[in-house]
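For reference, the structure is listed below as structure tokens.
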Amino acid sequence: MANPDHLAHLQAGDWNSWREANPSLAPGLIDADLTRAIIEGASLTGAHLSEARLDFLDLSELDMSRSSLRGANLTRAVLRSCDMAQCQLESAIFDHADLSGAIGSRKFLFTELDGKAPVRRFQGFPAPGTA
């Protein structure tokens, strides 16, 4: 369950200033329904977003590095140039998600995709500009 205080800061629009004031705190947004949230420019580094609903959101260029997105729903989410390095993505749903600028780039370096070991590169996807 999402921490109500953390969710309130995200919804109030003071998220980044709250994060700067609490740099060692890992935001707890587990199972949060963020489908209507406006989180443009929010720093989600190290956030616990397991089982969260992030479908249809524009998460372009956000820093989501070191976040846990296990089982999160990112259906049709826009993740263009999103920094997802070292994320935990086991069982995350990416149906029709836009990952341009992230797949085949360093943005997914050491990201855990299968719950076993971090991958160093995606296989089967061309690097940007080579297709």
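Structural remarks
- Among the residues of the range 8-29, those that are buried (at least 19 other Cβ atoms within 10 Å of the Cβ) and among the hydrophobic types (A, V, I, L, M, F, W, C) comprise 10, 15, 29.
- Complete set of residues in the range 76-87 that are in contact with a strand residue (DSSP E or B) (Cβ under 7 Å, 6 or more places away or on another chain) and surrounded by fewer than 22 Cβ atoms within 10 Å (Cβ to Cβ): 78, 80, 85, 86
- Hits in the range 44-58 (condition: buried (at least 18 other Cβ atoms within 10 Å of the Cβ) and at positive phi): 46, 51
- Per the conditions (1) surrounded by fewer than 16 Cβ atoms within 10 Å (Cβ to Cβ); (2) out of contact with any Leu (no Cβ under 9 Å at 6 or more places or on another chain); (3) not charged (D, E, K, R), the sole criterion not satisfied by residue 41 is (2).
- Boolean, residue 52 is at pLDDT 95 or above, under 11 Å from the mean Cα position of the chain (by Cα) and either closer than 15 Å to residue 9 by Cβ or among the basic types (Lys, Arg) (or both): no
- The range 88-131, residues that are touching a Ser or Thr at 6+ places or on another chain (Cβ under 9 Å), modelled with pLDDT under 90 and loosely packed, with under 12 Cβ neighbours inside 10 Å: 115, 127
The values are calculated or read from the model by the stated rules, or taken from the named source; none is laboratory data. This one's a predicted model, so the numbers in the text were calculated from it and none came from an experiment. All Cβ positions, glycine included, derive from the backbone under ideal geometry; neighbour counts span all protein chains shown.
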